[in-house]
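Every number here is computed from the coordinates shown, using simple stated rules; none is lab data. Quick caveat: nothing in here was measured; it's all calculated off a predicted structure. Don't worry about glycine lacking a Cβ; one is built from the backbone with ideal geometry, like all the others, and counts go over all protein chains shown.
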Amino acid sequence: MTNSRIPGFYNLTIEERRAKLTEVSQQIPEDLLPFTTGGLSSESADHMIENVIGMYALPVGIGLNFMVNGRDVLIPFVIEEPSVVAGASFMAKLARAGGGFTATTTEPLMIGQMQLINVVNMNEARLKIYEHKAELLAIADAIDPILKKFGGGARDLEVRMIEDSPIGPFIVIHLIYDVRDAMGANAVNTACEKLAPQIEAITGGKVHLRILSNLADRRIARARCTISVSELTIGFESFKGETVRDGIIAAWAFAATDPYRAATHNKGIMNGVDAVVIATGNDWRAIEAGAHAYAARSGKYTSLSTWGKDKDGNLVGTLEMPMAVGIVGGATRVHPAAQAAVKLMGVKTASELAEIIVSVGLAQNMAALRALATEGIQRGHMSLHARQVAIAAGASGEMIEKVAAQMVAEKIVRSDRAEELVKEYTGRQINK
């Protein structure tokens with residue numbers, strides 16, 4: 001059985017981490033090989049996008065301590081930003097005491113949009129579409145027999161009238177489509193293309209755009225966690241638990257009411273979400289677009305998460321957002337590292353993957369808020385960022401940690417200071 005608690009993992013060498021990961025995940029070394037090599041050949045890449053000249057690598061880190069719906073999960077993060085993996089992993093450790101993360105998803109329903117223009121009578125066209133609804137759904141349902149075999153297919157048609165637009169009135173038809181374990185873009189777009197001629201014949205109008213919507217508000221993932229005030233002070237023993245809790249709630253309230261703060265607040269959530277979405281070969285741009293649109297669904301951009309306290313004074317966090325991810329089709333099936341990521345997490349359905357990802361987003365949000373509410377965001381972040389600055393300044397080997405530690409101690413994490421320190425340490429080594 002997978003155990004996401006690996007004490008001291010950070011202090012191991014890369015080779016030792018791989019060995020330990022193989023041990024605790026009960027996978028064979030070959031299963032993790034794509035993380036070592038990058039998992040993608042030039043030939044494979046050439047079939048994925050146009051004008052390929054090579055590959056661009058990003059680090060893969062493992063999120064530890066996560067328990068989602070009672071199951072331990074080792075979670076691959078693909079990200080270049082320091083402190084994200086460490087922050088989310090530490091918050092997952094705090095959440096374990098309260099049972100970890102509880103997550104749910106709705107049915108995997110996606111929305112395909114068809115824009116109907118050049119309509120003579122909007123109300124007549126709207127009613128005609130509803131009169132032919134069963135016929136249209138049957139056509140869409142028959143397009144993908146494999147998807148239908150697994151329980152997916154067309155579910156509903158909705159008609160909206162746009163009265164005021166720069167080109168005048170037009171109709172929007174929403175095809176609600178169950179895509180099961182796929183992200184669903186190809187299936188939904190194909191269904192919309194197939195329905196377009198029939199809708200034109202029924203209404204006398206012209207179907208202009210026909211494409212999936214990335215505001216997947218029928219496909220929602222939700223997560224919650226409960227943290228006791230005593231857990232909140234771990235690492236911050238100089239603070240009272242109630243102070244940390246109330247500071248987190250106050251920080252969230254800022255994001256809930258101010259869009260300038262909400263943008264940064266939600267970006268922190270997406271630090272965790274995107275890292276896992278990328279690792280599994282899913283479309284992180286679609287997830288980003290849907291998340292931010294969902295955050296503005298009330299007409300005002302606000303926080304995706306909520307933070308408060310329960311009757312016992314514990315900190316309670318929730319996160320709710322669209323999560324259109326899949327485990328079949330697309331890069332998830334083509335990219336060996338994406339396949340390895342899905343296998344490492346033991347994911348069997350797209351819903352299960354969505355539940356893990358939304359839990360990661362909530363953990364990362366808590367990590368950022370806890371840092372902001374106590375010592376400030378810079379201390380922990382900068383200690384990790386200092387290593388990158390040191391490397392950019394020319395440090396290598398043991399010098400990286402020495403230069404980084406010195407900059408953090410001085411509270412001057414800048415490239416010019418790093419260059420000065422590299423010269424100093426290099427000079428010392430030469431003069432020895």
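Details
- Sites count as exposed loop sites when they are GluC sites (Glu not before Pro), lie in a DSSP loop, and have at most 15 other Cβ atoms within 10 angstrom; the longest stretch of the chain without one is 238-374.
- Under the simplified labelling scheme, the Asp46-Asp217 pair shows an inter-label distance of 4.5 nm, with each label point 7 Å from Cα along Cα→Cβ.
- Listed residues Ile75, Ile249, Ile357, most fluctuating in the chain (Gaussian network, C-alpha, under 10 Å): Ile249
- Helix screen, the chain: DSSP H segments with Cα axial length of 30 Å or more and mean Kyte-Doolittle hydropathy at least 0.0 are 350-373.
- With one equal scatterer per alpha carbon and no solvent term, the Debye-computed log10 I(q)/I(0) for the stretch 380-431 at 0.28 1/Å reads -1.02.
- Mean projected area of the convex hull spanned by the Cα atoms of the chain, taken over all viewing directions: 25.9 nm².
- Cross-link pairs Lys267/Lys423; Lys93/Lys311; Lys309/Lys343; Lys267/Lys343 - those with Cα-Cα distance over 32 Å: Lys267/Lys423; Lys309/Lys343
- Neighbour-limited loop hits for trypsin sites (Lys or Arg not before Pro), the stretch 289-362 (at most 16 other Cβ within 10 Å; DSSP other than H, G, I, E, B): Arg297, Lys300, Lys311, Lys348
- A DSSP coil position with no more than 14 other Cβ atoms inside 10 Å describes the following chymotrypsin sites (Phe, Trp or Tyr not before Pro) in the stretch 37-90: Tyr56.
- Within the stretch 176-248, the trypsin sites (Lys or Arg not before Pro) that combine a DSSP coil assignment with at most 16 other C-beta atoms in a 10 angstrom radius are Lys240.
- For Leu33 and Lys267, the FRET efficiency from 1/(1 + (r/R0)^6), where r spans their Cβ atoms and R0 equals 35 Å, is about 0.60.
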